[in-house]
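The values are calculated or read from the model by the stated rules, or taken from the named source; none is laboratory data. Everything numeric here is computed off the predicted structure, so don't read it as measured data. A quick note on method: Cβ atoms are made from the backbone with ideal geometry, for glycine too, and the neighbour counts reach across all protein chains shown. Accessible surface is based on the protein model in full, side chains and every heavy atom, while ligands, DNA and RNA are left aside. Shrake-Rupley method; radii C 1.70, N 1.55, O 1.52, S 1.80 Å.
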Amino acid sequence: IEEILKTYEIAMDYNRIYETQSGYCLPGDQYTVMCQFSDKEFNKPLIEAQGGSSLYMPSSRSFYYVGSDDSELEVEELISTYDTAMSELYGGTKTDAQMPAGILYLAAKAEDPTRNGSKLFVAGSADFIEDATIKRILESAEDVSLAPYLFLSTVSWMDKVNTASLYPTRVQATDYITIPDTKTGNIILVVMIAFPILIAGSGVIVWARRHN
């Protein structure tokens, strides 16, 4: 996973996010944190549709950008925590790793124009689109989760591929047949029209005899 993410200039923290402010997490569950949408063109429809709804991410890891300023990749963070978030070591092999805190990025997308527009979407937890999580949010916070809308937006974004660049251009060609004289033309008409009719008629006669 790390090697794949690196090709899109994204790295993952081996951590688990939790919230220190009770107003920014699910009641009684500091690991299901409330997220905010980044101010990106991609998120505008989601922000406009947000209304009083929120987006929660349960037991999430965080991501960070590892690219350079002159990179051709288009990498954007989509959602982040509030600045009161903390994280703890969760998995990985570096037991002495320093865990990030503050505003942490929990989902991002990337596109590589040098690889035919190859796209990647990452989220800190797959549980955010599970029915059980959405139901729990509705029951605990009396809030409608925007998780399905975020996921469907990324699916729609990934599906917008320039198929013209994936397949070779179709070449149309027309074949012709040259008929030297009228006699030859009549013979061809007999072969192409009369002969198939004769075969079909024979088949009907055989079928009728078998059923009488």
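Observations
- Paramagnetic reach from Ala49 (point 7 Å along Cα→Cβ, amide N under 14 Å) across region 124-160: 144-157
- Overall form of region 14-89 per C-alpha gyration tensor (a/c, 1.5; a/b vs b/c): oblate
- Each Lys or Arg adds one and each Asp or Glu takes one away; over the other residues whose Cβ falls under 10 Å from the Cβ of Ser38, this sums to -2.
- Based on the Stokes-Einstein relation at 20 °C and a viscosity of 1.002 mPa s, and on the Kirkwood radius from alpha carbon pairs, region 1-134 is assigned a translational diffusion coefficient of 137 µm²/s.
- Backbone phi angles across region 8-17, fed through the Karplus curve with coefficients 6.51, -1.76 and 1.60 (θ = phi - 60°), yield HN-Hα couplings of 9, 6, 10, 10, 10, 7, 8, 9, 9, 7 Hz in residue order; Gly and Pro are listed as x.
- 13 Å beta-carbon shell around Thr20, net charge (K/R +1, D/E -1): -3
- Stretching the chain fully between Thr84 and Glu139 yields a gain of 17.4 nm (0.36 nm per residue, less the alpha carbon separation).
- When the solvent-accessible area of region 1-143 is split by element, carbon and sulfur atoms take up 46 percent of it, the probe being 1.4 Å.
- Set of region 2-26 residues, backbone N closer than 20 Å to the point 7 Å along the Cα-Cβ line of Met158: 2-13
- Pairs from Lys109/Lys135; Lys6/Lys94; Lys94/Lys160; Lys94/Lys135; Lys40/Lys94 whose Cα-Cα separation, in the structure shown, is over 30 Å: Lys94/Lys160; Lys94/Lys135; Lys40/Lys94
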